[in-house]
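The values are calculated or read from the model by the stated rules, or taken from the named source; none is laboratory data. These numbers were taken from a predicted model, which means no experiment stands behind them. All Cβ positions, even for glycine, are placed from backbone atoms using ideal geometry, and neighbour counts span all protein chains on display.
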Amino acid sequence: MTATVSIASIEKNFGGSRTLKGVSLEIEAGEFLTLIGPSGCGKSTLLRIIAGLIPQDGGSIAIDGQVVDDAPPKARDVAMVFQSYALYPHMTVFDNIATPLKVRRLPTLARLPVLGRWMPGLKAARAGVAEDVGKVAAQVEITSLLDRRPAQLSGGQRQRVALARAMVRQPRVFLMDEPLSNLDARLRVHMRGELAELHRRLGATFIYVTHDQVEAMTMSTRVALMMDGEIVQVAPPAELYANPSDIRVARFIGSPEINLFTAHAGPDGRIALGDEATPLRCDARGPVTLGLRPEALRIADRTTALTLKARLHRIENLGPDALLHLRHDQGGDQRATLRLPLAEIEALRRSGRLDAPLTIGADADAALLFGTDGKRLELRATGAARNDDLILQRAS
């Protein structure tokens, strides 16, 4: 089963603080939607409101077109996976997974550890619970762990148990609140792949909360970036990266962070960095901000109308790639970052070019422009520079 989720103008206040400011979002059936943003932006609060764990102060939640504002959590047919796993430490893995089914299918007395075993007429129900637990355990590859307790499991194994407990209910919507944040880096990579495969296999609606952009970009159908209790932009991962609608999105998505340069649009819309004109125009006038991703920059052997004086600050080795950190004096002491293959940087070092004036550049269509309000501006290349390239020049 799968379901749509409609979030309409949700508001939430804690004391005098507005945590959610009229959040609206439509989530399609079978979609993997990730809520991402910095700590305190309201993403976990929104997830808990969808689950029915806390009430909203305004707005409405509908699942498959049915308003669930007054429905308790168990009536919403959603399953939540928490950051802390929330497993029962005194129960075996089997019993942890089976608990939701026992609550649904067995009377209260039949769920008691000792008395429940001797109650007649429930053999078929217990067998059905055991069968369903076995199927789900096989799906997440923890069949051999069913007799263990949580304390005997690794972090990754506990996470699988928590997922199995959610899956066994066959909910319409899965809600996941930073479920991988407690795992080590290697296991996080592994579990990202498993979650993406689980979503593909189940075809269920997933709503996933994280502050990790790698998780959001690698698993999601769409990503909703939240800041200060509002959704800034909702888009597929590639579009969110390539076409941010707001400077906050551009800065949050992408590692290392986008390079931002203070610029100015003249009376004719021509953009200049300092005293140097560029081959770009826009419809705005006055101060603007020009953005270039570190991987969009490259080593160049010529200069054009756009130049920037800078100096080498340091080199950060990332394995196959490296970051070339520069300092420039455009608009004060600022920094720029260039991402290049390590072999290319080593060749520049051996040739002595890193100690001499160096030119780096990017194609004009890689540039992003933002106004004083942080909103994205349309950018046009004029052709004044050869191949419509933007060139930044470093001078020692």
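When LEU379, LEU348, LEU390 are checked against the criterion of being surrounded by 13 or more Cβ atoms within 10 Å (Cβ to Cβ), assigned by TED's automatic domain parsing to the domain that holds VAL288, more than 28 Å from PHE252 (Cα to Cα) and at pLDDT below 85, LEU348 stands alone in meeting it. Just to be sure, is GLY229 surrounded by 15 or more Cβ atoms within 10 Å (Cβ to Cβ), under 30 Å from ALA8 (Cβ atoms), in the same structural domain as GLU131 (by TED's automatic domain parsing) and of a type outside the set (Phe, Trp, Tyr)? The answer is yes for GLY229. When GLY30, GLY22, GLY15 are checked against the criterion of being more than 19 Å from the chain's Cα centre (by Cα), small (Gly, Ala, Ser), more than 20 Å from VAL249 (Cα to Cα) and in the same structural domain as GLU230 (by TED's automatic domain parsing), GLY15 stands alone in meeting it. The number of residues in segment 163-222 being on the phi > 0 side of the Ramachandran plot and buried (at least 19 other Cβ atoms within 10 Å of the Cβ) comes to 1.
Where strands (runs of 3 or more DSSP E) fall entirely within segment 1-95, those with at least 3 residues that are at pLDDT 95 or above and surrounded by fewer than 18 Cβ atoms within 10 Å (Cβ to Cβ) are at 5-14, 17-27, 58-63.
Within the span defined as segment 237-259, one or more residues are of a type in the set (A, V, I, L, M, F, W, C), modelled with pLDDT of 90 or more and surrounded by fewer than 19 Cβ atoms within 10 Å (Cβ to Cβ). The sole residue among ALA250, ALA204 that is out of contact with any helix residue (DSSP H, G or I) (no Cβ under 8 Å at 6 or more places or on another chain) and under 22 Å from ASP373 (Cα atoms) is ALA250.
Quick check on segment 253-273: of everything there that is under 18 Å from GLY374 (Cα atoms) and not in a strand (DSSP E or B), which residue is nearest to the chain's Cα centre (by Cα)? Restricting to residues being under 18 Å from GLY374 (Cα atoms) and not in a strand (DSSP E or B), the top hit is ILE253. For segment 274-288, name all the residues that are closer than 22 Å to LEU326 by Cα and in a strand (DSSP E or B). Residues satisfying the conditions are GLU276, ALA277, THR278, VAL288.
Tell me yes or no: at least one residue of segment 289-310 is modelled with pLDDT of 80 or more and over 28 Å from PRO244 (Cα atoms). No, because not a single residue in segment 289-310 is modelled with pLDDT of 80 or more and over 28 Å from PRO244 (Cα atoms).
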